[in-house]
Each structure stands twice: as C-alpha cells, then as structure tokens.
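Note sheet for the following structure.
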Ligand code: MG
C-alpha cells in the first residue's frame, strides 16, 4: 500500500503530465496553422507520449492500492513567434519536468518506498532523452535558418 503523501505527489505528477500533453497539443495546433505539418505531427506524438506517462503513473498508483485522480488542468500557452522559440520552450519545459520527477523520487526516498523509487527511475532515464532531443531539434532549427527549416519539418514528419 502506497503512503498518502506519495499518492498525493503521484497524482500531482499525473496532472503535470496531462498539462504537458496539452502544452504539446497547443504547439501542434500552432505548427499546423503555420503550415509546418511535420512539426505538427511530431508535437502530436509528443503529446500522446505525455498522456501515456499519465496512464502509466495512474496504473502504477492503482496497483499499489492508491486512487488515481483526473484533476483540473490549467490552461496552456498558445502562440509562439517561430519554430525555434517553440523548441526552446520544449527544452525549458523538459528541464522543468526533470526537476518534478527528481522531487518525486526524493519523496519516495523519504517515504522509504523502494517500489516507487524503482518505478520512477525509468522516468529519470526518460528525461535524459527528452532534454537531449529537444536541445538537438532546437540546435538544428537554429542552424538551418529560413532556407533549411522545411527540410527539418519533413524529417520530423516521419516520426
Ligand atoms: Mg512526461
């Protein structure tokens, strides 16, 4: 049975994952409107991945005898200046998510809940990729400039 404190922290993370899913969906809609269909596709997949994280956490919580909640999700930003701004935003957001996961792991350590620590290490590892991917795309977009951007757009459309 999971502790009340950890259950609350996991439910907050489920809400944060769903907020991330909405953020990336908002970015996807922005790209679609701007005619970057590859970026829009990539962002929609990213959004689905965040929902998957929420589902995984909810299933884990339920398996441990807890109750998973669907809480209120705050509004997400809309409208960016250009694709580089969007991917820099993704990078900053993923760094923020890494901190949330680390804090959650610290709570699990304080509660001496080894099962939850083990469960969360997968997300710690996942964040290495999330940060690196966002940084890599931002770098590519920055170097490509206006001429090369549609080439990256079509590459990301293959995700
Ligand atoms: Mg996530």
Item to check | Selected residue (only one of 2, 73, 101 is within 16 Å of the ligand (Cβ to nearest atom), more than 29 Å from residue 149 (Cα to Cα) and not in a helix (DSSP H, G or I)) | outcome: 73
Next on the checklist: Taking the conditions exactly as written (free of Cβ contacts under 8 Å to residues at least 60 places away in the same chain and assigned to a helix (DSSP H, G or I)), does residue 16 satisfy them or not?
Outcome noted: no
Next on the checklist: Residues that are in a helix (DSSP H, G or I), free of Cβ contacts under 8 Å to residues at least 24 places away in the same chain, within 16 Å of the ligand (Cβ to nearest atom) and over 29 Å from residue 40 (Cα atoms): does the stretch 126-137 have at least one?
Outcome noted: no
Checklist entry - Just wondering, is there one or more residues in the stretch 24-39 that are more than 16 Å from residue 156 (Cα to Cα) and within 12 Å of the ligand (Cβ to nearest atom)? => result no
Next on the checklist: Can you find a residue that is surrounded by fewer than 20 Cβ atoms within 10 Å (Cβ to Cβ), under 26 Å from residue 7 (Cβ atoms) and touching a residue at least 60 places away in the same chain (Cβ under 8 Å) anywhere in the stretch 69-89?
Outcome noted: yes
Checklist entry - Which residue, of 47, 118, is exposed (fewer than 13 other Cβ atoms within 10 Å of the Cβ) and either modelled with pLDDT of 95 or more or in a helix (DSSP H, G or I) (or both)? => result 118
Checklist entry - Which of (1) assigned to a helix (DSSP H, G or I); (2) in contact (Cβ under 8 Å) with a residue 24 or more places away in the chain; (3) within 21 Å of residue 18 (Cβ to Cβ); (4) away from the ligand (no atom under 16 Å from the Cβ) does residue 141 not meet, given it meets every other one? => result (3)
Item to check | Exclusive hit being farther than 21 Å from residue 125 by Cβ, out of contact with any strand residue (DSSP E or B) (no Cβ under 9 Å at 6 or more places or on another chain) and buried (at least 19 other Cβ atoms within 10 Å of the Cβ), set 29, 39 | outcome: 39
Next on the checklist: Of everything in the stretch 50-67, what is in contact (Cβ under 8 Å) with a residue 24 or more places away in the chain and within 16 Å of the ligand (Cβ to nearest atom)? Give them in sequence order.
Outcome noted: 50, 51, 53, 54, 57, 58, 60, 61
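The values are calculated or read from the model by the stated rules, or taken from the named source; none is laboratory data. Note that the structure is predicted; figures quoted are calculated from it, not measured. Backbone-built Cβ (ideal geometry, glycine too); neighbour counts: all protein chains shown.
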